[in-house]
1. Taking residue 285 as the residue in question, decide whether it is surrounded by 18 or more Cβ atoms within 10 Å (Cβ to Cβ) and touching a residue at least 24 places away in the same chain (Cβ under 8 Å).
2. Which of the helices (runs of 4 or more DSSP H) found entirely inside the range 293-358 contain at least 1 residues meeting this: closer than 24 Å to residue 182 by Cβ and of a type in the set (Gly, Ala, Ser)?
3. Count, please, the residues in the range 191-203 that happen to be more than 29 Å from residue 128 (Cα to Cα) and crowded, with 17+ Cβ neighbours inside 10 Å.
4. So how many residues does the range 162-200 have that are more than 19 Å from residue 105 (Cβ to Cβ) and among the polar types (S, T, N, Q)?
5. Within the range 31-79, which residues are in contact with a Gly (Cβ under 9 Å, 6 or more places away or on another chain) and either free of Cβ contacts under 8 Å to residues at least 40 places away in the same chain or more than 14 Å from residue 8 (Cβ to Cβ) (or both)?
6. Any idea which residue in the range 329-365 is modelled with the lowest pLDDT, counting only those that are more than 17 Å from residue 388 (Cα to Cα) and among the basic types (Lys, Arg)?
7. With the requirement that a residue be closer than 17 Å to residue 165 by Cα and either surrounded by 21 or more Cβ atoms within 10 Å (Cβ to Cβ) or touching a helix residue (DSSP H, G or I) at 6+ places or on another chain (Cβ under 7 Å) (or both), what does the range 288-301 give you?
8. When the range 356-367 is examined, which residues are found to be surrounded by 14 or more Cβ atoms within 10 Å (Cβ to Cβ) and without any contact (Cβ under 8 Å) to a residue 40 or more places away in the chain?
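The values are calculated or read from the model by the stated rules, or taken from the named source; none is laboratory data. This is a predicted model, so every value here is computed, not measured. Note that we place each Cβ from the backbone using ideal geometry, even for glycine, and neighbour counts take in every protein chain shown.
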Amino acid sequence: MSTIEVRLGEASVFIESGVFTALFDASVASSRAPYLHALETSRIKFADLVQLARVADIPYTLFFASRETVDHQLKKKADTLLAGVSKDAFSLNSRSQVRLADVELIVKDLLRKQETLKRLDRSLTTNKVVGCLRRSQGRVEDDARLLSAALGFTSNDLKTARTKSAALELLISRLEARQILVAQSQQNFMPQRLPQHAKFSGLCVRDKKIPFIFLTSGDAGENFEPEGRRVFTLVLLAVFVAHAKFAPVTYSDRTAEPITAREYELTEEMLMPRAEIQDLSVSGLDDVRAHAVTYRVTPSAFVMRARRLGLVDRLQAEDHLSELAREFAERPKRQARSPLAVNALRKYNGVEFSHRMLNQLDRGSISKREFCRVVLQNRIKPEQIHQFREAL
């Protein structure tokens, strides 16, 4: 049996390699340097083991347990996570992959938030959007009208929003008014950072009352997603909720062939209705950019919609998408700025969840210390909660 030597000063103890790798391989710590070094040398300092275990949210004592005990705990963890999110991503037309370990701590945090709020807030009701299109076999146009009504917005509402950012905020407010909670990625204010290789657009965490959507990422950097794409992604994730599908979602909006997935076509119809788009002129990229501004989506998404409706042919679509990709790659890179903690936590928690938890705090249903742990990740002290309240 191969082992890993755990060193504490001059003393050493040996743990089973299979236990060591089983616990860390399925965690966010699997890419950390001390873990990779331990795999190469078969030894690790006790302090490094404890730190890695803390990062991975694993009790370090579990590394000294039997393989049978470890396997049982891993199964329990997987069952808990998969109760909220499928381990397989819905990849609509992209080769990008996301492992559950890449988002494990975020999913666990959102599950914890769901359970805490359901335990405290008796006003929550069964969500009428979850699964409302699960068995639908109707026309895409009919489903789009039905779901838009259920979510409380129309494409005209988004078009009259002042900017794409304002359209995104309008969408979030309409979804949250219907008990669909929305968390937005804030790299330094979440239980874990999203690794660069985790190129996905968002995920849905299952619940019959308060499904939680996690939306990536408005941060500057390699995986930056512009506002228009985030508008599209949020509606797409709401469509997945309506079909009772809960998983990380990844897609590319730079392909000249229409995406065949019904969820994607339904999202296009909700944002860019066929009845309006089919009469538009799309003679060049200037038209594409103008229409994308009108419908609050990216120019690439509009090209793909125009391609589906036959307003441009394959070669025209490929030329437009290539030019748009070049422009995006050459855009001036934004310097990432560190937001105020209260603002970052407001975006990550979402306004609706934050308000409901503050109501429970005011009722005395939860202590200030517990509020800071569940909502604020102990980044803000109890005496500073009023600052978070003011940020809402």
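1. Answer is no for this residue.
2. Filter on the range 293-358 gives 299-308, 341-349.
3. Residues that pass the stated criteria total 5.
4. 4
5. Once the filter is applied, which keeps residues that are in contact with a Gly (Cβ under 9 Å, 6 or more places away or on another chain) and either free of Cβ contacts under 8 Å to residues at least 40 places away in the same chain or more than 14 Å from residue 8 (Cβ to Cβ) (or both), the range 31-79 yields 67, 70.
6. Looking at the filtered set, the residue picked out is 334.
7. 289, 291, 292, 294, 295, 296, 297, 298, 299, 301
8. Of everything in the range 356-367, those that are surrounded by 14 or more Cβ atoms within 10 Å (Cβ to Cβ) and without any contact (Cβ under 8 Å) to a residue 40 or more places away in the chain turn out to be 358, 361.
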